[in-house]
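The values are calculated or read from the model by the stated rules, or taken from the named source; none is laboratory data. Keep in mind the model is a prediction, meaning the values are calculated, not measured. Reconstructed Cβ throughout: ideal geometry from the backbone, glycine too, with neighbour counts over all protein chains shown. Just so you know, the surface numbers come from the protein's heavy atoms only, side chains and all, with ligands and any DNA or RNA stripped out. Shrake-Rupley method; radii C 1.70, N 1.55, O 1.52, S 1.80 Å.
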Amino acid sequence: MNNFEFVNPTKIIFGKDQLQKLQSELPENAKVLMLYGGGSIKKNGIYDRVMEALEGVSVTEFGGIPANPEYDILKEALAVIKDKDINFLLAVGGGSVIDGTKYLSSAALYEGEDPWDILAKGIRTEKGMPFGTVLTLPATGSEMNSGAVITRKSMKVKLPMGGPGLFPKFSFLDPTVVASIPQRQLANGLADAFTHVLEQYMTYPIGALIQDRFAEGVFQSIIEVAPRIMKDPSNYEAAANFMWSCTLALNGLIQKGVPTDWVIHMIGHELTALHGIDHARTLAIIAESHYLTSFETKKEKLAQYAERVWGITEGGLEEKAKAGIQKTKEFYESLGIDTKLSAYTNDYQGTAEEIEKRFNDRGIKGAGERGLVTPESVRKIVEMAY
Ligand code: NZQ
Ligand code: ZN
């Protein structure tokens, strides 16, 4: 096991009927900017519940943060923060609203000239404006981590940011919110969380027994709960397991002391930037070709995963490893998610070359747990996924 340090300061308040505690989590004299997305919270009652819980608090609202939070819209929210002297942010939404709020948390206290540099120059956020979240969509784990990904459509880019100053102060996780989530987003959430575990597990053995077992537990819980949640999102027990699995998949715990990969996400973000494909679906497009391309360096963990997670007992190490890749693809498909780029766009020619160029432009010589995934191999991975 590698050396590591682990801090996660986010307070989780999990379960139904907890929102009445919201006010007591806010700092005294809070001037709150409440941020939300395209309006789903107004239809499913979450908006009313939050506003009721905030009665008597100074609250300004900012709605309209789109999926893949857009820099130009966040700029408007930043102006509101300055105008209204806001000192606390409250994200009510899924990964996009929470990530957008993280950008604002950082930008609000940024002392440089242009807050775009936080993304363009990859500046870490040591201190941000404090914020909390009310999660409405289990998927990203953003409610308990310190990362975010922001899109700027005019430049066709989607860039990551993060730092220790960007953990939420608190996050309300109420599984009853799952009942109103459409099928497409349920599938996305399951696939995204599943892939988060893959990225932190499918590397090479390092004798980290407990991290492996935690990761396998999250895989198995997602696999078990997936058909139940797709069939009936109002099933509270299934929703609670879905929600907590998604948070645990990316709150930092399972990646401590082990090598991590993240190539699928690096390429996936480019597919969203270029073609506007939902985040989770880009991951399903890339996973198989990435694992086939890096088969030699990943086959031990692939075989362990096939055995322990999918119960594959037949064949030698390589056969089991191949079966693990096949099972992963079938899992995405079981959620109704296509695993080839051509299912999403007719305009895919040239995508592989463009992503190779972007990796080269950013000076990425080798990605993945061993730094072996070169821009050229990225091109091949994307071509295989056409
Ligand atoms: O905008 P509204 O109207 O609220 O509708 C949203 C949105 O259209 C809807 N929705 C959310 N909760 C709902 C609901 N509809 C009905 N009932 C509810 N309770 O779902 C749609 C998608 O929401 P979004 O927040 O975009 O989804 P998700 O949580 O999957 O977030 C995706 C974003 O997170 C980033 C992705 O790249 C993408 O931009 N990620 C963030 C990560 C992180 N911070 O750690 C890690 C991930 O790997 C990922 O990159
Ligand atoms: Zn993801």
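In the stretch 260-333, counting only helices (runs of 4 or more DSSP H) that sit wholly within it, the ones holding 3 or more residues that are farther than 17 Å from residue 356 by Cα and within 12 Å of ligand 2 (Cβ to nearest atom) span 279-293.
Working carefully through the options 40, 58, 105, find the one that is open to solvent by less than 10 Å² (accessible area, probe 1.4 Å) and either among the small types (Gly, Ala, Ser) or within 16 Å of ligand 2 (Cβ to nearest atom) (or both).
105
Only a single criterion out of (1) closer than 26 Å to residue 226 by Cβ; (2) in a helix (DSSP H, G or I); (3) within 24 Å of the chain's Cα centre (by Cα) is not satisfied by residue 338, namely (2).
Residues in the stretch 323-335 include none that are open to solvent by less than 40 Å² (accessible area, probe 1.4 Å), within 28 Å of residue 376 (Cα to Cα) and touching a Pro at 6+ places or on another chain (Cβ under 7 Å). Residues of the stretch 279-309 being touching a residue at least 24 places away in the same chain (Cβ under 8 Å) and open to solvent by 30 Å² or more (accessible area, probe 1.4 Å), which ones? 279, 281, 288, 292, 293, 297, 300, 304, 308, listed by residue number.
Take the conditions (1) within 16 Å of ligand 2 (Cβ to nearest atom); (2) of a type outside the set (A, V, I, L, M, F, W, C); (3) open to solvent by 50 Å² or more (accessible area, probe 1.4 Å); (4) touching a strand residue (DSSP E or B) at 6+ places or on another chain (Cβ under 6 Å); residue 169 misses just one of them, which is (1). For the stretch 20-27, the condition of being of a type outside the set (Asp, Glu), over 22 Å from residue 145 (Cβ atoms) and in contact with a helix residue (DSSP H, G or I) (Cβ under 7 Å, 6 or more places away or on another chain) holds for at least one residue. Checked across the stretch 123-134, the condition of being over 23 Å from residue 275 (Cα atoms), among the charged types (D, E, K, R) and in contact with a strand residue (DSSP E or B) (Cβ under 8 Å, 6 or more places away or on another chain) holds for at least one residue.
Among the residues here, residue 211 qualifies as open to solvent by less than 30 Å² (accessible area, probe 1.4 Å), within 24 Å of residue 371 (Cα to Cα) and away from ligand 1 (no atom under 16 Å from the Cβ). The single condition among (1) aliphatic (A, V, I, L, M); (2) more than 9 Å from ligand 1 (Cβ to nearest atom); (3) over 30 Å from residue 362 (Cβ atoms) that residue 181 does not meet is (2).
Within the stretch 363-380, restricting attention to residues that are of a type outside the set (D, E, K, R) and closer than 15 Å to residue 298 by Cα, which residue is most open to solvent (accessible area, probe 1.4 Å)? In this case the residue turns out to be 372.
Residue under question is residue 360, and the condition is that it be part of a helix (DSSP H, G or I), of a type outside the set (Ser, Thr, Tyr), modelled with pLDDT of 95 or more and open to solvent by 20 Å² or more (accessible area, probe 1.4 Å); does it hold? Here the answer is yes, as residue 360 does meet what is asked.
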